[in-house]
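Participant: Handing you a structure now.
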Amino acid sequence: MARELKQITGNITKLNEPTYAAKRGVWVMMVKENNSWVAINSRDEAKIKDYYKQLQAKQTATDVNVKLQATTLDGQWLKAAEFSVGVFQQNKVDDPTQMLTAVQSHIELQKEIQYVPKVSEAADLFYAKQVKRQLSPHTLSDYVRLVKLLKLRWGDRYVSTLTSTEIKNFIEESPVVGTQRARYIYIKTFINFCSGKMNPYSEGRSWVKQGLLQWEAPKHELNEVSVYSYDEIISLLKAAKEYNEVPYFIFRLFSMTRYFEMERFCEIHDKVTDHPLINLEAKRITFSQEVYKKRSRNEHRGRFYNNLHPTFLLWLNYFKENTLSISCNTKIARKIRRRVKGKEKDTNLLRHTAITYHCLAFKNPLQTAFIAGNSAEIISNHYLNMNISEGEALKFYELTPQVAKTLGIID
């Protein structure tokens, strides 16, 4: 009966291939078990070499922290294992332990897929959440554009597979720094949502890698805020007369309303007469929460224009007496703006002009900010054009209906 080879049950730290000892007529294999060398002898070459392969497999399993079990593969499992080895060899992976790493990574990915959505699904959930917020149509349309881009770029990818390099490249696609900053703001909101911020679908688990957003905006010089000069205001109002739209432009220039605020204000009622938010006796216009729609989760009463300026009050009474509408079709407003050469494309020019003239005429930025619905800091950084003279600002606030008649703005 053949003698059984000595069993190695400890930790193998070194294994030498069997060699033939001619003087003794046996095959010898040296194994370092638990830091002690053990000699294994056998006259059966095939037997000791087979045992060598088993110990090799055991040593490899120990190195990658996997328990080796005495089992065999058959059928589809054996074919799949053989095919996997072929894939590794085709990709020139020389270390067979990488197969175990790949299997473990795959298992982790499968676990992750159970709760991480694809980009397309995450984008839809994100947009549904944004719709519930009090956002302007312009901001909402920006989110629509973002969702479309995300779906087009990474729709079938799992959110967790996105990388910081991909996000950085996505932001920097446009060479315009301003556009990059805008895209950064919107993509940041999406990533925060995927990280679990105000996300009821994440079950408290982040869908994305930590630190995914690694982009810093380059510094650039701020351009001067563009506004209409006094002469350009007169030209604009004369162009508005041709379309019977003077009230709309006068109202915006004196009230400092935003474009969408004006739209919502006119949706409630398009005339000064019987407008629920205009009180000529109290010299007040109320920009209610329905009109103001500040981007916040908190409730706001809106904002107020108290103690209406006498010139503005004269205009409002003129509109009331003549039953004039203060609304204006978007296309017509665009045509009128194009009459002032060089400033046709800037849709924020009316508000920038209104805030600049009010601030320079009355030298009270806090009061201007209160009426305009922002802050003195925002006015200083984004709305105020210091190239307009105080004389121009005061002259504008002397532009009463009577003066407008002499200038040919109204009949």
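Values in this text are rule-based calculations from the coordinates and carry no lab data. Source: prediction; values computed, not measured. Positions of Cβ are backbone-derived with ideal geometry, glycine not excepted, and every protein chain shown enters the neighbour counts.
Participant: With springs only between Cα atoms under 10 Å apart, run a GNM on the chain and tell me which of A80, A369, A354 wobbles the most.
Facilitator: Result for the chain, Cα springs under 10 Å: A80 fluctuates most.
Participant: Got a sec to turn the phi values of segment 23-32 into Karplus ³J(HN,Hα) couplings, 6.51 cos²θ - 1.76 cosθ + 1.60 with θ = phi - 60°, whole Hz, x for Gly and Pro?
Facilitator: Couplings: 4, 9, x, 9, 9, 10, 10, 9, 10, 9 Hz.
Participant: Follow-up question, since we're still on this one. Report the residues of segment 263-294 in range of a label on S136: point 7 Å along Cα→C-beta, backbone N strictly under 20 Å from it.
Facilitator: The answer is 263-269, 286-294.
Participant: Only counting other Cβ atoms within 10 Å, I'd like M262, M198, M99, M256 sorted with the fewest neighbours first.
Facilitator: Listed from fewest to most nearby Cβ atoms, that is M198, M99, M262, M256.
Participant: Rounded, prolate or oblate for segment 1-66? Axes are the square roots of the Cα gyration tensor eigenvalues, ordered a ≥ b ≥ c, and the cut-off for rounded is a/c under 1.5.
Facilitator: Note, shape of segment 1-66 comes out prolate.
Participant: Provide the gained length on full extension for the span K129 to K395, in nm with one decimal, where the gain is 0.36 nm per separating residue minus the Cα-Cα distance.
Facilitator: Fully extending the segment from K129 to K395 adds 91.0 nm.
Participant: Let me ask something additional. Under the classification rounded if a/c is under 1.5, otherwise prolate if a/b is larger than b/c and oblate if not, where does segment 106-218 fall, given a ≥ b ≥ c as square roots of the Cα gyration tensor eigenvalues?
Facilitator: Verdict is oblate for segment 106-218.
Participant: Find how much the distance from R181 to N34 grows on full extension, using 0.36 nm per residue of separation minus their present alpha carbon separation; answer in nm with one decimal.
Facilitator: Value of the extension gain: 46.9 nm.
Participant: In the neighborhood of E232, defined by Cβ-to-Cβ distances under 11 Å, what is the net charge if each Lys or Arg adds +1 and each Asp or Glu adds -1?
Facilitator: Once all neighbours under 11 Å are counted, the net charge is +3.
Participant: Given an 8 Å cut-off on Cα distances and at least 6 residues of separation, report the relative contact order of segment 241-399 as a percent.
Facilitator: Averaging sequence separation for qualifying contacts and normalising by length gives 27 percent for segment 241-399.
Participant: Continuing with the same structure: Select from A376, A123, A81 the residue whose mean-square fluctuation is largest in a Gaussian network model of the chain (Cα-Cα springs shorter than 10 Å).
Facilitator: Looking only at A376, A123, A81, the largest GNM fluctuation is found for A81.
Participant: Dividing the Cα convex hull volume of the chain by residue count, how many Å³ per residue is that?
Facilitator: About 224 Å³ per residue, rounded to a whole number.
Participant: Give the relative contact order (percent, whole number) for segment 339-411; include only Cα pairs under 8 Å separated by 6+ residues.
Facilitator: The normalised contact order for segment 339-411 reaches 31 percent.
Participant: Using Cβ counts within 10 Å as a stand-in for footprinting exposure, how do Y228, Y292 rank, fewest first?
Facilitator: Y292, Y228
Participant: Please report, in debye to the nearest 20, how large the charge dipole of the chain is about its Cα centre when each Lys and Arg carries +1 at its beta carbon and each Asp and Glu carries -1 there.
Facilitator: 400 debye
Participant: How would L277, L324 line up from fewest to most surrounding beta-carbon atoms within 10 angstrom?
Facilitator: Ranking L277, L324 by Cβ neighbours within 10 Å, fewest first, gives L277, L324.
Participant: Right, something else. May I ask for the net charge around L280, where only other residues with Cβ less than 15 Å from the Cβ of L280 are counted and Lys, Arg are +1 while Asp, Glu are -1?
Facilitator: Local charge sum for L280: +1.
Participant: Could you tally the net charge around S120, taking each other residue with its Cβ under 12 Å from the Cβ of S120, Lys/Arg +1 and Asp/Glu -1?
Facilitator: In short, +2.
Participant: Suppose R0 equals 22 Å. What FRET efficiency, 1/(1 + (r/R0)^6) with r the Cβ-Cβ distance, do E17 and R43 give to the nearest 0.05?
Facilitator: It comes to 0.80.
Participant: Then there's this: With unit charges on the beta carbon (Lys/Arg positive, Asp/Glu negative), name the residue among N16, Q56, N41 whose Cα is farthest towards the positive pole of the charge dipole of segment 1-66.
Facilitator: Of the candidates, N41 comes out farthest on the positive side.
Participant: Picking from K58, K343, K238, which is most flexible by a Gaussian network model of the chain using Cα springs under 10 Å?
Facilitator: Between K58, K343, K238, it is K58 that shows the largest mean-square fluctuation.
Participant: Using Cα-Cα distances under 8 Å and only pairs 6 or more residues apart, what relative contact order does the chain have, in percent?
Facilitator: 12 percent
Participant: Next up: Check cross-link reach from K118 to the lysines: straight Cα distance under 27 Å, and skip same-chain residues fewer than eight apart.
Facilitator: K129, K132, K148, K151, K168, K188, K197, K209
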